[in-house]
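The values are calculated or read from the model by the stated rules, or taken from the named source; none is laboratory data. Computed from a predicted model, the values in this text were never measured in an experiment. Positions of Cβ are generated from backbone atoms using ideal geometry, with glycine treated the same way; all protein chains shown enter the neighbour counts. Side chains included, ligands, DNA and RNA excluded: accessible areas come from the protein's heavy atoms. Shrake-Rupley method; radii C 1.70, N 1.55, O 1.52, S 1.80 Å.
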Amino acid sequence: MTQETKVQVSQDARRWLDLVSVEETVLELRPDYTALVIVAEGLRPGPGDEATDALLAGAEAKARTALDGRGTEHIAKLEPVAAWRLAYQAFGAKPKRTRPSVEALLRRVEAGLPRIDRLTDIYNAISVSHLLPVGGEDLAGYRGPARLARAAGDEPFDTMRDGEPVTEHPEPGEVIWRDDDGVTCRCWNWRQCVRTRITHTTTSALFILDGLGELGVNGLLAAGRDLAGQLATLHQGAQLSWRRIL
């Protein structure tokens with residue numbers, strides 16, 4: 001079952017979005033999983049600015065309120081974060097070593113969230129504000145549609161190690177986002193590959209919002225509307241389309 005909204009994006013982007021999928025083997029781990037995928041075209045990339053800095057500052061303030069002064073040791077006890085830790089454990093990941101992306105960001109709030117670029121800063125702010133994992137990637141780097149799957153273990157994952165490009169492989173059974181050429185994000189939402197990462201030249205992008213039952217459909221949709229609204233406001237003229245899967 002899917003829900004979608006149609007806006008003025010190109011036919012190619014629309015077709016790509018229609019083919020994004022989640023495999024049944026993933027749903028066997030977490031039947032409550034829902035993905036919201038947003039495609040955006042006509043974006044204005046570049047370094048962060050006053051507007052994106054303000055978004056991140058607002059997200060930091062919300063996170064501090066959620067933690068209520070209890071420090072980083074309380075992050076794992078927040079209901080949405082605890083749910084993601086259980087989801088990671090279900091496919092064998094150790095969440096203390098391989099943290100869900102929302103937890104990794106929350107642990108950086110005290111020192112200040114990273115300021116990266118005009119696109120990444122927006123989706124990181126939404127992730128922290130709404131307590132869910134959000135990823136963003138350059139659509140031009142994709143080869144075929146995105147799909148969430150369990151890894152065989154031989155899929156290529158291009159990353160950096162000690163400043164040098166390397167190819168790694170996921171663990172068998174690991175939950176991965178992938179396309180026709182390999183892994184685009186390991187451990188559900190832990191680490192993105194180099195090939196599809198957002199850069200200062202990205203003008204078309206996809207954003208994946210990961211939801212579990214603890215967040216609720218309304219929580220997922222609220223985060224999606226917030227992200228779409230910020231993209232539309234800070235990237236005047238951009239075209240957006242989104243689809244909720246499951």
> Label-point separation (nm) for VAL194 and LEU86, each offset 7 Å from Cα along Cα-to-Cβ?
Replying inline: 3.8
> Using the Karplus equation 6.51 cos²θ - 1.76 cosθ + 1.60 (θ = phi - 60°), what ³J(HN,Hα) coupling, rounded to whole Hz, does each residue of the range 89-102 give in order, writing x for Gly and Pro?
Replying inline: 4, 5, 10, x, 6, 9, x, 6, 9, 10, 8, x, 4, 5
>> If amide hydrogens are placed 1.01 Å from N in the peptide plane, which non-local residues have theirs closer than 5 Å to the one on TYR142?
In response: none
> So what is the relative contact order for the range 80-226, in percent, with contacts set as C-alpha pairs under 8 Å and at least six apart?
Replying inline: 27
> FRET efficiency for ASN218 and ASP154, Cβ-Cβ distance as r, R0 = 41 Å, nearest 0.05?
Replying inline: 0.55
> Per residue, what volume in Å³ does the convex hull of the Cα atoms of the range 69-141 enclose?
Replying inline: 112
> Two-decimal Rg/Rh of the range 1-147 from alpha-carbon positions, Kirkwood Rh?
Replying inline: 0.98
> In the range 162-245, with Lys and Arg counted as +1 and Asp and Glu as -1 at Cβ, which of these residues, CYS193, GLN236, LEU215, has the Cα nearest the positive end of the dipole, that is, farthest along it?
Replying inline: GLN236
> Hey, what do the phi angles of the range 129-136 turn into as Karplus ³J(HN,Hα) couplings, whole Hz, using 6.51/-1.76/1.60 and θ = phi - 60°, x for Gly and Pro?
Replying inline: 5, 9, 6, 8, x, 9, x, x
>> Test of understanding: what is the full-extension gain from THR65 to ALA232, defined as 0.36 nm times their sequence separation minus their Cα-Cα distance?
In response: 57.4 nm
> Counting only protein heavy atoms and using a 1.4 Å probe, what share of the accessible area of the chain belongs to carbon plus sulfur, as a whole percent?
Replying inline: 49
>> Given a 1.4 angstrom probe, what's the average accessible area per residue across the range 122-208, in square angstrom?
In response: 37
> Between rounded, prolate and oblate, where does the range 16-82 land on the alpha carbon gyration tensor, with a ≥ b ≥ c its root eigenvalues, rounded for a/c under 1.5, else prolate if a/b exceeds b/c?
Replying inline: oblate
> Per q in 0.07, 0.09, 0.11, 0.14 1/Å, what log10 I(q)/I(0) does a Debye calculation on the alpha-carbon atoms of the chain return?
Replying inline: -0.21, -0.35, -0.53, -0.91
> Using the Karplus equation 6.51 cos²θ - 1.76 cosθ + 1.60 (θ = phi - 60°), what ³J(HN,Hα) coupling, rounded to whole Hz, does each residue of the range 236-246 give in order, writing x for Gly and Pro?
Replying inline: 3, x, 5, 9, 10, 8, 9, 9, 9, 9, 6
> Check ARG191: other-chain or 5+ apart residues with amide H under 5 Å from its amide H, H built from backbone geometry?
Replying inline: ARG186
> What does the accessible area per residue of the range 1-89 come to in Å², with a 1.4 Å probe and no ligands, DNA or RNA counted?
Replying inline: 53
>> Can you find, among LEU106, VAL81, GLY135, the residue sitting farthest towards the positive end of the charge dipole of the range 43-137, where Lys and Arg contribute +1 and Asp and Glu -1 at Cβ?
In response: VAL81
